[in-house]
Amino acid sequence: MITDARVLQPEFIPQEVKHRDAEVNHLSSVLRPILDGQSADPVFLHGPSGVGKTCIAQFTVERLRENVVDINHQYVNCWENHNRFKTLYSLLDGINQTIDIHRQSTPKDLLLDRLRDYDGPPYVVILDEVDQLEDKSLLYELYRIPRITMILIANNEKGFFADVDDRLNSRLTACTRIHFRPYTHDELVAILHDRVQWGLEGEMIDQQELNVIANNAAGDARVAIGILRMAARAAQEKQLDSIPDRVIRKVTPEAKSEIKQKTVDRLTTHQQILYEIIAEYGEIAPSDLYEEYCDQVSEPKTRRMTRNYLAKLEHYNLVEGKGNTKARIYRSVD
């Protein structure tokens, strides 16, 4: 039944994308100076999870590479590489400059100096989940490196810019910002239809079942593709000739749970502690949450930083906050 498992993964970058033409064209126009061998201004992609920000960034850069003979590029997930050393190491790895770098002994300043000395072709770096960077002053340093073009990706525009210092804010205020809205039901069905054509045999699933998946995904392509992947696997294991509604209904909670667990696994230590406290209490006020958090860590972050962490947990639907600032309550999401 499954002919190409790759296309059923959310990380798969298709040869063509649907329902994001405006975003692709906008991003392409910002990156146009690279066609002339120049760097481009930073660009900020924002919107909720599962709306195609990462896919469109990588797709557009790949398309750019087809038109530019000499260009370097690198994708960095700042949630996985959230400290300064890891981010710089990933960026140097994109230009093959890490062979003599040792994670335990090489000074961080040496990594930055090496990037500053870079004099090769335009270097496009995609910094995904950029709000997860522990030291956002690094963005200011990268901004000042002439050959680097930054594509920044985050869920929340307001939250990201509220958390950077004035020096960086003044540089990024005028950067191009591209908002990604959630997919409509019909758009999700079209995306799923392509994945079916590319990754499954024949007519294994019909329009009605694709509609069911799209309804369950609620505008999130990552969830929709996850349900399709699990449904296809379940039908294949049962040696069914098609993917029926009953299989989709059965795997939907499991698919959503898998995505949630992957998100939880990526949390930083401090985010993990906040999440576990909320899960343990069921619901808790911010003041009590912060007090409990401080009791559990040796070097607690500031209240402002923990609010940013909580906003991240909310964006990924791991917790929900109800009420205004004074009467706010955080609850775990099942």
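What follows is calculated from the coordinates using simple rules that are stated; it is not laboratory data. All figures in this text were calculated on a predicted structure; none of them were measured in a lab. In this analysis, Cβ positions are derived from the backbone assuming ideal geometry, glycine residues included, and neighbour counts consider all displayed protein chains.
Net charge within 14 Å of LYS53 by Cβ-Cβ distance, Lys/Arg positive one each and Asp/Glu negative one each, not counting LYS53 itself?
Numbers: positive: ARG20, ARG177, ARG181, ARG222; negative: GLU11, GLU23, ASP128, GLU129, ASP131, GLU157, ASP220.
Around LYS53, the surrounding residues sum to -3.
Divide the volume of the convex hull of the Cα atoms of region 185-259 by its number of residues and quote the answer in cubic angstrom per residue. Working shown, then result.
On the way: hull volume 5.7 nm³, N = 75.
Roughly 75 Å³ of hull volume per residue.
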> Out of ILE178, ILE95, ILE153, any idea which swings most in a Gaussian network model of the chain, alpha carbons joined below 10 Å?
Replying inline: ILE95
>> As an exercise, identify the trypsin sites (Lys or Arg not before Pro) in region 90-161 lying in DSSP coil whose Cβ has no more than 12 other Cβ atoms within 10 Å.
In response: ARG103, ARG144
> Any idea what diffusion coefficient region 226-312 gets from Stokes-Einstein, in µm²/s, Kirkwood Rh on alpha carbon pairs, 25 °C, 0.890 mPa s?
Replying inline: 159
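Please give the charge dipole size of the chain, origin at the Cα centre, charges +1 on K and R Cβ atoms and -1 on D and E Cβ atoms. Round to the nearest 20 debye.
Numbers: 42 positive and 52 negative charges, 114 e Å.
Taking the Cα centre of the chain as origin, the dipole is about 540 debye.
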> What's the percent breakdown of Cα-Cα distances in region 267-332 across 5 Å bins, shortest bin first?
Replying inline: 4, 19, 34, 29, 12, 2
> Kirkwood hydrodynamic radius (Cα pairs, Å) of region 45-94?
Replying inline: 12.5
> If one computes the Cα centroid of region 1-41 and of region 108-178, what distance in Å separates the two points?
Replying inline: 20
> What per residue convex hull volume, in Å³, comes out for region 215-262 when only alpha-carbon positions are used?
Replying inline: 68
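Give me the orientation-averaged projected area of the Cα convex hull of region 20-179, in nm², one decimal. The partial results should precede the final answer.
Values: hull surface 35.8 nm².
Projected over every direction and averaged, the Cα hull of region 20-179 covers 9.0 nm².
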